[in-house]
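In what follows, a single structure is set out as structure tokens and then discussed.
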Amino acid sequence: MLTDSTITEERVRISGKGRELEGLLAYPAVDARCAALIAGPHPYLGGDMLNNVVSTLVKALASQGSVTLAFNYGGVGASEGGPTDKPSTMSEFWKNGTFQEEFDWIDDAGSALASLRQWCDLPLVLIGYSFGCWAVARNLQQSCIEAVVLISPNPTQHDFEGLSSCPAPLLMVHSDNDFTCSVPAMMTWFESIREPKTRTQFPASEHFFRGHETAVATTVLAFLKHHRVLGS
Amino acid sequence: MTGAYLEVLLTGVTGFLGHYLLAELLAHPRVRCHVVLRPPVLRSCDRLERLLAEIGLDLRALMSQQRVVPIEGALPDGIANENFSKVDLILHAAGNTTFHGNGSGEPAHTNINGTRAMLSLAKATGVRRFVYVSTAYVCGDGIGHQPEAFSSTVPRLRNDYERSKWEAEKLVWEWGCKYGIATICRPSILFGHSATGRASATKGLYLVARATEILARAMDTKNSVNRHQIPLRILGRGDATCNIVPVDWAAQHIAQIALDNASESTVHHVTNPDPPTHHDVKTWLEAYFDIGGGQFSDATWPLEDPNHYEDLFYSLGNICRDYFRHGLTFESRCAAEIPTGRRLIDRESFARCIKYAQDTNWCRTSAETFELRRPAGNFDPKWYFENFLPRTVPRSIISQVDELTAIVKYTITGPVSGCWVCRFEKGQLLDVHTGVGSPRPQFEYRLSYDDLVDVVSCKRPLQEVFFLGRAEMLGDIERALKMVPIITEFLNQFPVTCSENDAAVSCTGEAC
């Protein structure tokens, strides 16, 4: 357990579908106002719970009153499972940018969400980053969600139909030079989404927000406070 | 036996046990082995050749003598009936040791469906003898003395692996009741070779040893805790036994059981009659790694409020699993042959196995068959890109990523700088270029010499260097990013020791 003056971080285990996942749970010293799940990037693209954006968000949210759970998808870190035939899945991923076992990782996000709900009865916020946006969108039907945050989603590759059935306020954060999706394509998709929604565009942050992590976290916190999910 | 040879069909031959089994079978001059190898068969043959070479056998020679006949096939559905002609005996040793199903269908796919498929083929082709390699832990959470008998009552199974093995045993036993003679061999936990310590895989108890090594390394650095008083809860009971057996001993007995003329279906435990206790194992590991302090605990997984040392020790997951909880004893005819007073595994043989595993980077190397030596002095990127990569990529996971076709530039800055352009086609490294005339790269990695050293020695993952802003990806970023996990897997297979003090140290590479 790591403890600083305002938040506590602890490693947790999450019961997934046929596998145990590793999670990082952070929570404030004082009473929490909400619970947030953060789904990180694609495991084959450096996605783990210690990712620069994910870990910054974990600390920022917990310090502002959110019980926050990040997790490692199956096969990442100390999470069990993952693709058994790595060369084949890497080959398929190289060729098509996707492979069947990705749906297990979507299920992992659902399992993490179920665990978080079990651990605390608080208003829920779902946050996805990159591939995690898809994982979040595919699990929106599971729960009553207070707010949704999508950071660098890729609507040209993933479907986000799940958003239409979730009325919660949506924040979309993206960069103006994201290699996964051009700004016009992002705008076209964003305009097609239901209200209420907010969009924040960061200049020259690429897909990775290196050096802009705190600014992203500040934007997310402001959005959650605006919608009174977090206290001001 | 239908001809000059007893024709044995063997599955799982590239596994830890399987290649020792093949060696034991071939020790009988009138046995011919038809070995099922995954497609592409040439690649599987290469792997089998390396494994056998390590134990003194020449696969090419054995194939030319028709003592070993490769059959391309993948369980459960990829073996043609015509390849089974003239087989007298099937020894089904292929298995999957995934403990908990993870959505891929394993371990049931290989263990249940694969066994069912082999039994169907046996039935279809008239093979009358079927030997199945199961596990001693098919008894699940049972207690006390386990008989050498098939239990038609479902035991209290602890995980998907045990369940799949029990289901497979049931299929084999039922086949034996109807169509032939079924023999079930149940080895306990396989450990390294009794004389050399050699292993080709390091799962099971080896994970506990690896975790102990991680802890010991952490204690090598400045630490406020005495390395012999580490506050660590070890999930399990010290007085329970840890039933490990040397792989060569298990292979010898399973081969002997398979080749015996059986008149009826039987079950055999291939287990250790005098196994060490978990306390013994703990003491041996502590002595080997020069640490101490761990205490056996009734705590459950996951640990509540793990401390820093527990986080380190369990960083590989729940390494103790359920098997440290209680010990079992097994009825065993094999074990009865062991002279009184001789232990299959003692402190010395245990240490020998751990040393072998360490020396081979936990079986990611094969020191006897593959060794590259780094030139003395500081790490040289030129040597790495122009010598090391061309020799290691063909043996690595990269060569199995069939769709990987890319032209990649590596730009190294700092005291030792340079640019290298590597051309990959269908997973193969075609060539490495430098300077004028190099092909136009699709993407580029740019990092400093110091970071390259950290990356190739696995001190720091490439993606971390990138996210720290110390490496850049240029050009087709998506491709560059997609290649990172492939490179990472490669680096884990072939880490390079870059310390100047370790000049001329072996660079290691996976051959398992």
(message) Give all pairs with beta carbons closer than 9 Å in which a residue from the stretch A:220-232 that is touching a residue at least 40 places away in the same chain (Cβ under 8 Å) meets a residue that is in a helix (DSSP H, G or I) and surrounded by fewer than 17 Cβ atoms within 10 Å (Cβ to Cβ); count only pairs at least 6 apart in sequence or on separate chains.
(response) A:231/A:225
(message) Suppose we filter the stretch B:27-40 for residues that are more than 18 Å from residue B:129 (Cβ to Cβ) and surrounded by 19 or more Cβ atoms within 10 Å (Cβ to Cβ); how many remain?
(response) 1
(message) I want to confirm something. Restricting to the stretch B:377-400 and keeping residues that are within 14 Å of another protein chain (Cβ to nearest Cβ), polar (S, T, N, Q) and in a helix (DSSP H, G or I), which single residue is farthest from residue B:454 (Cα to Cα)?
(response) B:400
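Residues are listed down the side, and each one gets a yes or a no for (1) more than 9 Å from every other protein chain (Cβ to nearest Cβ); (2) closer than 30 Å to residue B:482 by Cα:
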position	(1), (2)
A:10	no, no
A:21	yes, yes
A:35	yes, no
A:46	no, yes
A:62	yes, no
A:78	no, yes
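Going through A:7, A:14 one at a time, which residue ends up being out of contact with any Cys (no Cβ under 8 Å at 6 or more places or on another chain), of a type outside the set (D, E, K, R) and over 21 Å from residue A:221 (Cβ atoms)?
On the way: A:7 fails: over 21 Å from residue A:221 (Cβ atoms).
Criteria check complete, one pass: A:14.
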(request) Can you tell me which residue within the stretch A:201-218, out of those that are more than 21 Å from residue B:478 (Cα to Cα) and surrounded by fewer than 18 Cβ atoms within 10 Å (Cβ to Cβ), is farthest from the other protein chains (Cβ to nearest Cβ)? (result) A:218
(request) Can you confirm whether the stretch A:80-90 contains a residue that is within 12 Å of chain B (Cβ to nearest Cβ), closer than 30 Å to residue A:211 by Cβ and in contact (Cβ under 8 Å) with a residue 40 or more places away in the chain? (result) yes
(request) Please tell me if residue A:155 is away from chain B (no Cβ under 14 Å) and out of contact with any helix residue (DSSP H, G or I) (no Cβ under 9 Å at 6 or more places or on another chain). (result) no
(message) Being among the small types (Gly, Ala, Ser), out of contact with any strand residue (DSSP E or B) (no Cβ under 8 Å at 6 or more places or on another chain) and surrounded by 23 or more Cβ atoms within 10 Å (Cβ to Cβ) is true for just one of A:23, A:16. Which residue is that?
(response) A:16
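Give the residue that is surrounded by the most Cβ atoms within 10 Å (Cβ to Cβ), with candidates limited to residues of the stretch A:174-192 that are away from chain B (no Cβ under 14 Å) and either among the aromatic types (Phe, Trp, Tyr) or touching a Leu at 6+ places or on another chain (Cβ under 7 Å) (or both).
Of everything passing the filter in the stretch A:174-192, A:190 is surrounded by the most Cβ atoms within 10 Å (Cβ to Cβ).
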(request) Of the numbered conditions (1) of a type outside the set (Ser, Thr, Tyr); (2) over 27 Å from residue B:39 (Cα atoms); (3) free of Cβ contacts under 8 Å to residues at least 60 places away in the same chain, residue A:45 fails exactly one; give the number of that condition. (result) (3)
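Every residue in the stretch A:91-126 that is within 9 Å of another protein chain (Cβ to nearest Cβ) and part of a helix (DSSP H, G or I), please.
A:91, A:92, A:93, A:94, A:95, A:96, A:103, A:104, A:107, listed by residue number.
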(request) Determine, yes or no, whether residue A:66 is surrounded by 24 or more Cβ atoms within 10 Å (Cβ to Cβ), polar (S, T, N, Q) and more than 14 Å from chain B (Cβ to nearest Cβ). (result) yes
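Is it the case that some residue within the stretch B:279-296 is in contact with a Gly (Cβ under 7 Å, 6 or more places away or on another chain), farther than 22 Å from residue B:348 by Cα and at pLDDT below 95?
Going residue by residue through the stretch B:279-296, those that are in contact with a Gly (Cβ under 7 Å, 6 or more places away or on another chain) are B:279, B:282, B:286, B:296.
Those left that are additionally farther than 22 Å from residue B:348 by Cα: B:296.
Going one step further and asking which of them are at pLDDT below 95, we end up with B:296.
The answer is yes, given that some residue of the stretch B:279-296 is in contact with a Gly (Cβ under 7 Å, 6 or more places away or on another chain), farther than 22 Å from residue B:348 by Cα and at pLDDT below 95.
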(request) For the stretch B:448-471, name all the residues that are within 14 Å of chain A (Cβ to nearest Cβ) and small (Gly, Ala, Ser). (result) B:469, B:471
(request) Among residues belonging to the stretch A:127-156 that are part of a helix (DSSP H, G or I) and polar (S, T, N, Q), point out the one that is modelled with the lowest pLDDT. (result) A:142
(message) I'd like to know if the stretch B:218-241 contains one or more residues that are in a helix (DSSP H, G or I) and β-branched (Val, Ile, Thr).
(response) no
(request) Would you confirm whether any residue within the stretch B:276-299 is within 14 Å of chain A (Cβ to nearest Cβ) and surrounded by fewer than 18 Cβ atoms within 10 Å (Cβ to Cβ)? (result) yes
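The values are calculated or read from the model by the stated rules, or taken from the named source; none is laboratory data. As the structure is a computational prediction, the values presented were derived from the model and not from experiment. Backbone-built Cβ (ideal geometry, glycine too); neighbour counts: all protein chains shown.
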